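First up is the structure itself, then whatever we jot down about it.
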Amino acid sequence: MVPENYSKEEVEIFEKELSNALEIGVKILENGGTSLDAVENVVRYMEDCPLFNAGRGAVFTHDGKNELDAAIMDGRDLNAGAVAGVGNIKNPISTARLVMEKSPHVLMVGKGASLFAAQNGQEIVDSSYFFTEKSWQSLQRSLQKDKKMGTVGCVALDKNGNLAAATSTGGMTNKQYGRVGDVPIIGAGTYANNSTCAVSATGHGEYFIRYTVAHDISALMEYRNLTLAQAVDEVIQNKLVEVEGSGGVIAVDKKGNVHLSFNTSGMFRAYAKENEERGVAIFK
C-alpha cells in the first residue's frame, strides 16, 4: 500500500468514503447515542461500500468464494459477539451484534451463523452480491504472486463513558483451507474495556492472534499504567516489528484520547473528537 499505486482521484474517493463513515458515527454520538450503535453503523456503511475489504467489497478465497468475519465488543461488561467464514450475510457486523445480544455465545461460524442470522431477521444475499471486479482481479494477481489483506473497523467512546469496538473483513485474498484471521478473535483483532480502551486492528492476522494484540494494548495500560499511545506503539512499533508482523490499529481510551498507529506504509484512517477536531488520512 504505497502512494504510487493510487491515483489522485482514487485517494480523493477513499478519503470521501472515510469521511462519510466518520460522520455517521459522529452524528450518533452527538445525539447521545451509544458507542455500540456508533461502531456498528460506521462498520455497516463500510461493509456496504465496495471499496473496502469487508461486506460488498470482500476479497475472494482461493476457490473464488467470499468468506467474511466480523466482531463487536461492549466495553461496559466485556460482552462480545463474532461471526466467521460466512458467505451470504449482507452485514456481518450486525449479525455479530446479534450473537452478542441474542445468544449465549461469542463466536458462530459458517452455515450455523448464517442460519442464526436468517432466524433473527438479517438480510441474506446471494453470493453474487459480493462480486466486484476489483476483488476478482486481485485474486487473479494473487494466484500469481502477492496476497491482499484489509479490514474495516471502528472504535468509539460515548457520552456515558462507554467504549466499544467493531471490526469486519473479507479476509486474505487467495486464502485456503477455511482460514480465519484475527478479526473475530476477541482480544486479537477486536477488544473494548471501559477501564482502559477500545481497539480495532488490521494487518497480518496470524501475528495479531499469536500476540493477542488488541488485548495486549489494554493489558499494558491496566497493568503497567502506560498511556494509550505508549501501549499501542509498544505493541505495533516494537513487538510486532521484531517478529515482522505487519499491520496497525485504531484505538481510543476512556478519556477520549485517540491513537492510530501502523508499521506499514499506509492505513486508511479517520477520527473525530468532541472538540470538533477531525482527521482523515491514508499514508504516513
Practice item. May I ask you to say which residue of 209, 236 is more than 16 Å from residue 164 (Cβ to Cβ) and touching a helix residue (DSSP H, G or I) at 6+ places or on another chain (Cβ under 8 Å)? Key: 236
Review point. Counting only residues that are of a type in the set (Ser, Thr, Tyr) and part of a loop (DSSP other than H, G, I, E, B), which one in the range 257-273 is surrounded by the most Cβ atoms within 10 Å (Cβ to Cβ)?
Key: 264
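A quick yes/no check of all residues on (1) closer than 19 Å to residue 182 by Cα; (2) out of contact with any Asp or Glu (no Cβ under 7 Å at 6 or more places or on another chain); (3) charged (D, E, K, R); (4) surrounded by fewer than 24 Cβ atoms within 10 Å (Cβ to Cβ):
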{"position": "25", "(1), (2), (3), (4)": "no, yes, no, no"}
{"position": "31", "(1), (2), (3), (4)": "no, yes, no, yes"}
{"position": "55", "(1), (2), (3), (4)": "yes, no, no, no"}
{"position": "75", "(1), (2), (3), (4)": "yes, yes, no, no"}
{"position": "87", "(1), (2), (3), (4)": "yes, no, no, yes"}
{"position": "91", "(1), (2), (3), (4)": "yes, no, no, no"}
{"position": "114", "(1), (2), (3), (4)": "no, yes, no, yes"}
Review point. Looking at 205, 256, which is the one that is over 30 Å from residue 8 (Cβ atoms) and over 15 Å from the mean Cα position of the chain (by Cα)?
Key: 256
Review point. Of the residues that make up the range 30-37, is at least one modelled with pLDDT of 95 or more, under 25 Å from residue 125 (Cβ atoms) and touching a strand residue (DSSP E or B) at 6+ places or on another chain (Cβ under 9 Å)?
Key: yes
Review point. Of all the helices (runs of 4 or more DSSP H) wholly in the range 162-256, which have at least 1 residues that are touching a residue at least 40 places away in the same chain (Cβ under 8 Å) and crowded, with 17+ Cβ neighbours inside 10 Å?
Key: 205-210, 213-224
Practice item. For the range 160-206, name all the residues that are closer than 23 Å to residue 221 by Cα and β-branched (Val, Ile, Thr). Key: 167, 183, 185, 186, 190, 196, 199, 202
Check your understanding: Condition test on residue 101, is it exposed (fewer than 14 other Cβ atoms within 10 Å of the Cβ) and more than 20 Å from the chain's Cα centre (by Cα)?
Key -> no
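The values are calculated or read from the model by the stated rules, or taken from the named source; none is laboratory data. Computed from a predicted structure; not experimentally measured. Neighbour counts are summed over all protein chains in view; Cβ atoms, including those assigned to glycine, are modelled from backbone coordinates with ideal geometry.
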